[in-house]
Amino acid sequence: MTRGSAFLNSLNDNRNVWMNGERIEVGSHPAFRGTLATIRELFDMADHPDTREQLAHYDSSTDSYVHHAFLVPHNKEDLDKRSAAARIWSESTFGVMSRLSDYARSRLTGWYATRQSYTSFDKQFDGKIAAYYTEAKARDLFLTAVQREPQTDRSKALGEDPDAILRIIRK
């Protein structure tokens, strides 16, 4: 099974996703077909002989190739590898699919690389972020980050639309 196929199969986990008032299966819904096909192709590039070395590096801890976004840079060559991998993914999508997983993976790698700096805020941060980084790298997780409120109907006043702001609805 290819990396891309493994990613698509991972979506079949009975996740609770709703669209237009209807629960949907992300992996088979027509609205996501093109996006998921593109992501599958991007993941598969890490195993293709023509692109593997440009996108990934062998990692002895996982005994596999992992995306350069998980590479903790120690020199200019490492930074160049990371930059080239991001550029390849960007060019492969003609720059249309911004903030692909390489962005969030890079964020995680940065937190991992500087994890001791955060212990003054959280004594367990070092261990927690190391465990998450190790798992994300080993499982080749597609990561994302939410930084803003979703697009909403801006003709409504704040408070009129409960879905206008992100919030916890259940724990």
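In the stretch 9-25, what count of residues is obtained for those that are among the polar types (S, T, N, Q) and within 15 Å of LEU141 (Cα to Cα)? Quick ask: steps written out before the conclusion?
The initial filter retains those residues of the stretch 9-25 that are among the polar types (S, T, N, Q), namely 9-10, 12, 14, 16, 20.
Next cut, within 15 Å of LEU141 (Cα to Cα) only: 9-10, 12.
The qualifying residues number 3.
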Query raised in the report: From the list THR2, THR38, which residue is more than 28 Å from ALA130 (Cα to Cα) and surrounded by 14 or more Cβ atoms within 10 Å (Cβ to Cβ)?
Result: THR38
Query - Single match in ASP140, ASP126, ASP122, ASP80 (criterion: within 22 Å of SER5 (Cβ to Cβ) and either charged (D, E, K, R) or without any contact (Cβ under 8 Å) to a residue 24 or more places away in the chain (or both)) - result: ASP140
Requested in this report: For the stretch 75-105, name all the residues that are among the hydrophobic types (A, V, I, L, M, F, W, C), at pLDDT 90 or above and open to solvent by 20 Å² or more (accessible area, probe 1.4 Å).
Outcome: LEU79, ALA84, ALA86, ILE88, PHE94
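Scan the stretch 127-171 residue by residue and report those that are more than 22 Å from VAL66 (Cα to Cα) and open to solvent by less than 90 Å² (accessible area, probe 1.4 Å).
Listed by number, the residues that qualify are PRO150, THR152, ASP153, ALA157, GLY159, ASP161, PRO162, ALA164, ILE165.
The values are calculated or read from the model by the stated rules, or taken from the named source; none is laboratory data. Values in this document were obtained by computation on a predicted structure and should not be read as measured data. Cβ: placed from backbone, ideal geometry, glycine included. Neighbour counts: every protein chain shown. Accessible surface areas use protein heavy atoms only, side chains included; no ligands, DNA or RNA. Shrake-Rupley method; radii C 1.70, N 1.55, O 1.52, S 1.80 Å.
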